[in-house]
1. Using 0.36 nm times the number of residues separating Ala155 and Leu199, minus their current alpha carbon distance, what extension gain do you get?
2. Rounded to the nearest percent, how much of the accessible area of segment 83-211 (1.4 Å probe, protein heavy atoms only) is carbon and sulfur?
3. Kindly provide the Kirkwood hydrodynamic radius of the chain in Å, to one decimal, from all pairs of distinct alpha carbon atoms.
4. Which aspartates and glutamates have a Cα lying under 15 Å from the Cα of Lys65, excluding residues fewer than 8 positions away in the same chain?
5. Residues of the chain: accessible area per residue at 1.4 Å, in Å²?
6. Show that you can apply the helix-only estimate: for the chain, add -39,500 (n - 2.57) for every DSSP H stretch of four or more residues, divide by all residues, and state [θ] at 222 nm to the nearest 500.
7. Using R₀ = 25 Å, calculate the FRET efficiency as 1/(1 + (r/R₀)^6) where r is the Cβ-Cβ separation of Glu50 and His176; round to 0.05.
8. How much length is gained on full extension from Arg63 to Glu40, taking 0.36 nm per residue of separation minus their Cα-Cα distance?
Amino acid sequence: MSLVEQKPPKSARKAKGDGHLRRIEILEAAERIFVAEGYEGATIRKIADEVGVSSTALYMHFRDKDEILHEICLQAMQALLEQNSEIAARPADAVTRLQLMLEAYVAMGLDHPNAYRLVFCSPPSPGDRPTQVATGEIGAQCYARYSGVVREIEAAGRLRDADADTAALVLWTACHGLVAMMISRPNMKWGPAKTLTKLMVEGLLHGLVAG
């Protein structure tokens, strides 16, 4: 028997691979850590360990964790824009499409809580990082798709006591409030998110839309 102390092996590092795939791995790992430990608890070292690369290798893809979070925001907003565009183009009643858009918005916020906080709950930060600019532009497109459906309802004469702009803001603000409360008070007994969202959205639409 050897008397030499056996040191535990170091965690295996992944071989250098495709840059795009590695970038995706980093973003997925970072979002898991952001959700589990919050922004402050997430470090470059933890993210690198989760992916199986060195911190130095991670810095070849992102300069800091702020850039990682901004990239997650961008991807979440891109996915929401694609979803809104697809819903808006469906041959369905405008109220049905509006409900689907609002439900998709809430789901996006709950699925990406840290990205949501950064985009919708934080004061605008100075800076012109490409991802920040792109996220803002995509956010504007998302709102345009959404408010366009509200205008369809107004054009059909179905809005009660409100113009399209006011109705769109009221509905969006209500959904934002639900998301913000659920992600900032995770220990409350909220019940199923889909049930809460459906109840709230249907109640709002019942009050705002005639027929």
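The values are calculated or read from the model by the stated rules, or taken from the named source; none is laboratory data. Treat the numbers as computed from the prediction; the structure is a model and nothing was measured. FYI the Cβ positions are ideal-geometry reconstructions off the backbone, even for glycines, and counts take in every protein chain you see. The protein model used for the area step is the full one, side chains on, heavy atoms only, and it has no ligands, DNA or RNA in it. Shrake-Rupley method; radii C 1.70, N 1.55, O 1.52, S 1.80 Å.
1. On the way: separation 44, 0.36 × 44 = 15.84 nm, distance 2.57 nm.
Additional length available on full extension: 13.3 nm.
2. Numbers: 4240 of 7050 Å².
The computed percentage sits at 60.
3. Details: mean 1/r = 0.0513 Å⁻¹.
By the Kirkwood definition, the hydrodynamic radius is 19.5 Å.
4. Result set, ordered by chain and number: Glu25, Glu28, Glu31, Glu37, Glu40, Asp49, Glu50.
5. That works out to 59 Å² per residue.
6. Details: 9 runs with 145 residues, N = 211.
Theoretical 222 nm ellipticity from helices: -23000 deg cm²/dmol.
7. Numbers: r = 30 Å, r/R0 = 1.22.
After rounding, the FRET efficiency stands at 0.25.
8. 6.6 nm
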